[in-house]
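Down below is the structure, laid out as structure tokens.
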Amino acid sequence: MFMPTKVIGPTLRAFGARIGADVRFRSPIVIHNSRAERGHYYDNLQVGEHCLGRELFLDLQDQIVIEDHVTISHRVMILTHTDAGASPLADQRIRASQSPVIVRRGAYIGANVTILEGIEIGESSIVGAGASCNSDQFRPALSSRVCRRGSLRILEASLLKSGGCGQAND
């Protein structure tokens, strides 16, 4: 949806989303798989107070919970389900599934991040630009982790450097 920032929160609320005070989501926002029930289209979306986001893709097949003081950078995709559709792989290798996504208080999500179903981003975590997050091991960090389907690679990095998902030093 393309609309002024000041009306996005009220519009989401009017159709079932639970949106806290001082939430500033900027256009465009793409909402995929909203519910069909009139007045409850966005029931699966819950956003805390003092959150920022821009150019978001939100898959509401299952719940998305974004807690207070979260910043979500440009072009982030939050996916709550997998469905291979008509592909022959749907029967063999890629089973349909869905799970909620939770972004805990104070997290920072960098630009062009993809967060897959069932992921929980920990409190005050940093998810660096371009990460594809398929593991919910993200906690406050002085190092970062690049998340790729099938493998994880740990990088030496300070809080100021980008490149992955925040991971506590082990």
**Message:** For MET3, what residues show an amide H to amide H distance below 5 Å, using hydrogens built from the backbone and excluding near sequence neighbours?
**Reply:** SER27
**Item:** Solvent-accessible surface (1.4 angstrom probe) belonging to ASP68, in square angstrom, nearest 10
**Value:** 50
**HN-Hα J in Hz across the stretch 23-29 - Karplus 6.51, -1.76, 1.60, θ = phi - 60°, x for Gly and Pro** = 9, 10, 9, 10, 5, x, 10
**Message:** Give me, ordered by chain and number, the residues 5 or more places off ASP22 or on other chains with an amide H under 5 Å from its own placed amide H.
**Reply:** HIS50
**Item:** 3J(HN,Hα) from dihedral phi, the stretch 43-54, Karplus parametrisation 6.51/-1.76/1.60, rounded to Hz, x for glycine, proline
**Value:** 4, 7, 10, 10, 10, x, 8, 6, 10, 10, x, 8
**Prompt:** Amide H of CYS133: which non-local residues (sequence gap of 5 or more, or other chain) have their own amide H closer than 5 Å, using H built in the peptide plane?
**Reply:** THR114, ILE115, LEU116
**Complete:** Karplus-derived 3J(HN,Hα) from phi for the stretch 75-89 (6.51 cos²θ - 1.76 cosθ + 1.60, θ = phi - 60°), whole Hz, x at Gly and Pro, runs 6, 8, 10, 10, 10, 10, 8, 10, 8, 6, x, 7, 4, x, 5
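The values are calculated or read from the model by the stated rules, or taken from the named source; none is laboratory data. Treat the numbers as computed from the prediction; the structure is a model and nothing was measured. For accessibility, only protein heavy atoms count, side chains too; no ligands or nucleic acids. Shrake-Rupley method; radii C 1.70, N 1.55, O 1.52, S 1.80 Å.
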